[in-house]
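Undergrad: One structure coming up, written as C-alpha cells, with questions to follow.
Nothing in this text is a laboratory measurement; each read-out follows from the coordinates by a stated rule. Here the structure is a predicted model, which means the values were calculated and not measured. Reconstructed Cβ throughout: ideal geometry from the backbone, glycine too, with neighbour counts over all protein chains shown.
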Amino acid sequence: MPKRKRKSIGQIPTKAKKIKLLRANETNAQRQQRLQAMKDRDKTSRADESEDKRDRPLQKMREQASILRTNESENKREHRLQRVREQVSTSRVTESVDQREHRLQNIREQASTSRAAESENQREHRLQLKRIQSIKSRVTQSHSKLCLEGFHYDPRKEYSKHEKVIIGGMNQICKYCSAKNYKCEPPGMCCCSGKVRLPALGTPPDLLLSYMSGTTSESKHFLKNIRRYNSCFQMTSFGASSIVGRSGFETTFKVQGQIYRKAGSLLPLPSENAKFLQTYFIGDEEKEVNQRCENISGVRRDIVLHLQRMFHENNQLIKTFKTALEDMPSDECKVVIRADKRSVGEHE
C-alpha cells in the first residue's frame, strides 16, 4: 500500500480545537442532549464492568486525591471546599423531587451497608463522634443566645468559649485583704477598700474535726446526714411576708416582699414544746437531747449529745443569751419612762 502524504502540522486542526469550536456554537438544548448522552454511556459502561475493574480506577482516584490533599496549602484547601459547597448547593437547588428522593435513598443504603460491616470498635467510635458533634452543635446554638441563659444552665455547654464571655483569670489581688478578684470587678467589692475586716477563722474543736474527717463510721453517718444535724441546732426560722408557689412539694420557691429571719422568745409558752433557739435553754441536758431528736428524725442520740455539749462550751451567742436569762430571773418586768428624758412632742 502506498504511503499517504502527510500534511504539515500547522494545517491539521487538532481534535481539541474542533471540539471547542463545536461546543462554542452548540445551543443549550444540544448541550443538554450531549451531556445526557455522556451520562447514559457512562452509566452503561459502569453497569457492564466487573467489580475488580471498577475498584481499580476508584482506588487509584482515591490515592491520587489523598496525595493532592496532603500537599495542598490551607488556601487551596479552603478554595476547594468552597467550590464543593457551591457545586452541592447548585445541584440541590436544581434537582427534582424524584432526584432528591433517589439521592437520599442512596445515602441511607450506603449508611446501612457501612454500619452492617463495621466492627464493635468502629461502631463505638462513630457513636462517640456523633455525641461530640451533638454537644458542639448545642454549644453553638446556645452561644447565639445568652439572654436568660443563667436560668437554664447546662454544665455540658462551654460558656467560656463564647466570644462575648471575657472573664479572664482571678489575678487581681486586693492590697487590703488579699482577695482574688476578676479584672472587671469593681474595686472594693471584697472589703470596701479595707473598711471591713473579718477576724481569722479559728481551728474547729477536735470533736467537729473528727466528725468531718470521713474516716470513722460515726463520721460517715454524720456527713451523710449533715443537713439533719444542721437542722437539729438551728436557732432561727425563715419567714417572708408572701411566698409565691404552687401546690405540692417544691425544691425551690419564690419570695415576694421582705425576707427576714425570726428569733422568737427564748422560752416557749407553757403549752408548747421548745423549738429553734428555745431548745438551748431547756436547762436539762437529757431533756434537751430528747427534744432535738424528737424534732428531727434520723439522727443518732450520742452524736446529738456530743454536738450539744460542744455548742454550749464554744458558741458565744448561746453564752450571751444564757447570761441574759440568768440576769433576769423574774418573768415580770417594769418599764419606766422618765418625763424629763422624753423627746419633744412625745409622751404627752
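Undergrad: For the stretch 217-229, just list the computed ³J(HN,Hα) in residue order, Karplus coefficients 6.51, -1.76 and 1.60, θ = phi - 60°, integers in Hz, with x standing in for Gly and Pro.
TA: After applying 6.51 cos²θ - 1.76 cosθ + 1.60, I find 5, 5, 5, 5, 5, 4, 5, 5, 10, 5, 5, 5, 5 Hz.
Undergrad: Still on this structure, I have one more. In terms of modelled amide H atoms, which long-range or inter-chain residues lie less than 5 Å from the amide H of Arg300?
TA: When sequence neighbours closer than 5 places are left aside, there are no close amide H contacts.
Undergrad: State, to one decimal in nm, how far the label point of Leu317 lies from the label point of Leu269, with both points 7 Å from Cα in the Cβ direction.
TA: 2.5
Undergrad: Which trypsin sites (Lys or Arg not before Pro) from the stretch 163-229 combine a DSSP loop assignment with at most 12 other Cβ atoms within 10 Å?
TA: Lys164, Lys175, Lys183, Lys195, Arg197
Undergrad: Something else about it: So, how do all the Cα-to-Cα distances of the stretch 84-199 break down into 5 Å bins, in percent, from 0 on up?
TA: The distribution over the stretch 84-199 is 2, 8, 9, 9, 10, 11, 12, 10, 7, 4, 4, 4, 4, 4, 2, 0, given as percents.
Undergrad: I've got another one for you. Normalise the Debye intensity by I(0) for the stretch 3-114, one equal point scatterer per Cα, no solvent, then take log10 at q = 0.17 Å⁻¹ and round to two decimals.
TA: After summing over all Cα pairs, the log10 values are -1.38.
Undergrad: Can I ask one more? How large is ³J(HN,Hα), in whole Hz, for each residue of the stretch 166-176 in order, when computed from phi with the Karplus curve 6.51 cos²θ - 1.76 cosθ + 1.60 and θ = phi - 60°, using x for Gly and Pro?
TA: 10, 9, x, x, 7, 10, 9, 9, 5, 6, 9
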